[in-house]
Every structure is written in C-alpha cells, then in structure tokens.
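One structure is given below, encoded as structure tokens.
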Amino acid sequence: MADRSALITGVTGQDGSYLAELLVSKGYKVYGLVRRLSSPNMSHLKGIRDAIEILDGDLMDQTSLQQAVKAADPTEIYNLAAQSFVAASFSQPVLTGEVTALGAVRMLEAARAHAPTARFYQAASSEMFGHVEREPQDELTRFHPRSPYGVAKVYAYWACVNYREAYGMFVSNGILFNHESERRGIEFVTRKISDGVARIVTGHAKHLTLGNLDARRDWGYAPDYVEFMWRTLQHQVPDDFVGATGESHTVREFVAAAFHEAGIDAWEPFVRTDDRFKRPSEVYNLRGDPSKAAQRLGWKATTRFDELVRTMVRADLARYGRT
C-alpha cells in the first residue's frame, strides 16, 4: 500500500479533507492541490496536516497543474475542486465555466502528459440532471442542467468520457447527489439551516431566511461519499456511477428536523422566505438510484437523513457554546 499515492484537488474543502483522511488511513502518500493565497484555510486538515504534502496549483493555470502532477507522480487523481456554489454560478457563469468545466480538462491534460497510467476520478454532480423527466435518476438518465454550474459539470463529465475513450485513460465519473456534513460551507442551504437554528437557539439571531422550501434533494453524509470515490477507482475498469441514498426530502423537512433537534417543534415563526434566495431556474426533485454502485462497488450510504441533520445541528450548537 505504501506505493500508492494520490493527488487531490480541492483538498481543503469538505470532500477533499474527508477523502484525505480516508486515504491517509489506508497508507497512501497524499498530495493536496491548493491555490496560492495569503492565508489558505487549512482548518479541515488540522488532524492530518503533517501527513499530507501541499502543492500550489490553480485549475485556471495549466502550467501549475502540469508541475503539480509531475511532482506528485500519483497513482490516483481526485478532481474535487470547482466553483461549486450553484447560486454563485448564476452571477459568475464565466468563472464557473473556467474552473468547473475547463479546469477538469486542464487536469485531464496534466494527467495525460505526466501521469497517463494514474486512475482519475471526476466529481460529477446530480445538478447535471436538473429538470428531470423520471425519478429516481441513474447513470442512463438524460442530462438537462438548470444552472451554469450544472452546465459546467456536464461539460466536464463528457470530457472525462472522451479522454477515457480517445486515450484509453482510466477516468471515472462519480455522479454524486447532495452530501453534507459539519464541514459544509455556510453558504449551502443545509449548513445555513443548521447554523441558523443554532444561532436562534443561542440568542444570536431571531430569524432564518431561505428561498424555496419545496425543493427536494437526496441528502447523504459526506464521509460516506468519499468512500464511494475511493471504491470507484478500485473498480477493475473505469466507469461512471451514481452515489446517492435513494431517498429525497424537501428543504422544509430539513428545516423541521433541524429545529426539532434543537428542541423547537413550532418552527414556522422563525423562518422567512425571500425570492432573492430562489434560483432563476429551479431544480425540484433530485433522487438518485445507487443500485449500480451497490452491485459493482459494494457501496451504499449508511447515514440516514435524521442522523445527518442531528450531526450538523449538534456541531453548530457546540460552536455557539451549547452542548
């Protein structure tokens, strides 16, 4: 196992940090790609910082990616970095395309030049399905993205298929449905809810303002999903897999469960809606079918919805001093 090495883009984020922990525990030499900032946020990596090597790189800069791949000489590459906030993709569509779509191609090119035998994992997204025609969604469901982010992820997905077919590279797409945790960015709706509930309960806020409460999502727990990523690259052949729980819940259900965990059942007076937080084109009913991953990878999500909400709310309550 000691000869296994991995390069992770987006290593400081939710998924990247959990994946780095998993791979370190499996004996990998782990390299993490980080954009050069005056003070990069390494808080998610504090438990393993000494066990991984950080490399400078930017998905918008081909040269830096070539140098990083050459330096790491990885046996596995996990491309998790992206402009991944859907709402921001509407206000920054060109940047989203440069990072999320073309960034994946730049990584593929770097791998093709300097690590052609490395196994390559691309973080695809359920947002590619968008306006769905059938439920649940599986690997054969037609893509109809409803945001610049979803469009960019579709481009990256097909680029990966093309590199697999054109160059014989081991490239796999993981079409992951929403997966959350206490490390989720505060701008994402699930973390906005858990943090907002904690702020209300501890007296730091009076209300929580959200957008569409009726959107349905398939929510899982991020540590389960990095296991999926690893298993995808251990499969004997490159392929594309859906990672999901197979259940969907509305934002309203998430809100109710979060307030219930904090001891409030009559939550409606604390929640407001504002059209500013609604998408120009909404995605309503995402629910994945993980059957293929279960059959071929032996993977299934183990953390259920209520446990996910409980974990996130308790973590945010602790941040505000309530145990």
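Please treat every number below as a calculation from the coordinates, not as lab data. On a predicted model such as this, the values are computed, not experimentally measured, just so you know. Cβ coordinates were reconstructed from backbone atoms using ideal geometry, including for glycine residues, and neighbour counts include every protein chain displayed.
As a proxy for reagent exposure, 187, 253 were ordered by neighbouring Cβ count within 10 angstrom, fewest first; the result is 187, 253.
The H on the amide N of residue 210, modeled in the peptide plane, is under 5 Å from the matching H of 272, 273, 274, each at least 5 residues off or on a different chain.
Each of the peptides 61-71, 241-251 was scored by the mean count of other Cβ atoms within 10 Å over its residues; in descending order, highest first, they stand as 241-251, 61-71.
On a per residue basis, the convex hull of the C-alpha atoms belonging to segment 1-112 measures out at 98 Å³.
With the simple model of a label 7 Å out from the Cα in the direction of the Cβ, residue 43 to residue 167 spans 3.7 nm.
Extending 7 Å from the Cα toward the beta-carbon at both residue 117 and residue 3 defines two label points whose distance is 0.9 nm. Look at 264, 52, 8 and count the other Cβ atoms within 10 Å of each Cβ; fewest to most, that gives 264, 52, 8.
Axis angle, to the nearest 10 degrees, between helix 102-114 and the longest C-alpha principal axis of the chain: 30 degrees.
Both the radius of gyration and Dmax for segment 70-146 are 14.9, 45 Å, in that order, over alpha-carbon atoms. Relative to the longest principal axis of the Cα atoms of the chain, the long axis of helix 14-25 makes an angle of roughly 60 degrees. In terms of distances greater than 29 angstrom between alpha carbons, the cross-link table entries 153/192; 29/192; 46/292; 153/292; 26/70 yield 29/192; 46/292.
Normalised by the residues of segment 165-321, what does the relative contact order come to in percent, with Cα pairs under 8 Å and at least six apart? Here the relative contact order equals 36 percent. Normalising the average separation of contacting C-alpha pairs (under 8 angstrom, six or more residues apart) by the number of residues puts the relative contact order of the chain at 17 percent. Amide H to amide H, with H built 1.01 Å from N, residue 144 comes under 5 Å of 129, 130, 131, counting only residues 5 or more places away or on other chains. Backbone geometry of segment 220-227 corresponds, through the Karplus equation with coefficients 6.51, -1.76 and 1.60 at θ = phi - 60°, to 3J(HN,Hα) couplings of x, 9, 3, x, 4, 7, 6, 4 Hz, x marking Gly and Pro.
Hey, what angle do you get for helix 305-319 against the long axis of the chain, alpha-carbon based, 0 to 90 degrees rounded to 10? Approximately 80 degrees, to the nearest 10. Counting only the Cα atoms, the chain fills a convex hull of 133 Å³ per residue.
Which whole-angstrom value gives the distance between the alpha carbon centres of segment 80-98 and segment 223-277? That distance is 20 Å. Only beta bridges with both residues in the chain are counted; by DSSP, about 5 percent of them are antiparallel. The order of 121, 157, going from fewest to most other C-beta atoms within 10 Å of their C-beta, is 157, 121.
Short-range pairs are left out: with C-alpha atoms under 8 Å and at least six residues apart, the relative contact order of segment 137-255 is 32 percent. For segment 40-93, the convex hull drawn through the C-alpha positions has a volume of 123 cubic angstrom per residue.
Here the Karplus relation 6.51 cos²θ - 1.76 cosθ + 1.60, evaluated at θ = phi - 60°, turns the backbone of segment 265-271 into coupling constants of 9, 8, 8, 3, x, 9, 10 Hz, with x for every Gly and Pro.
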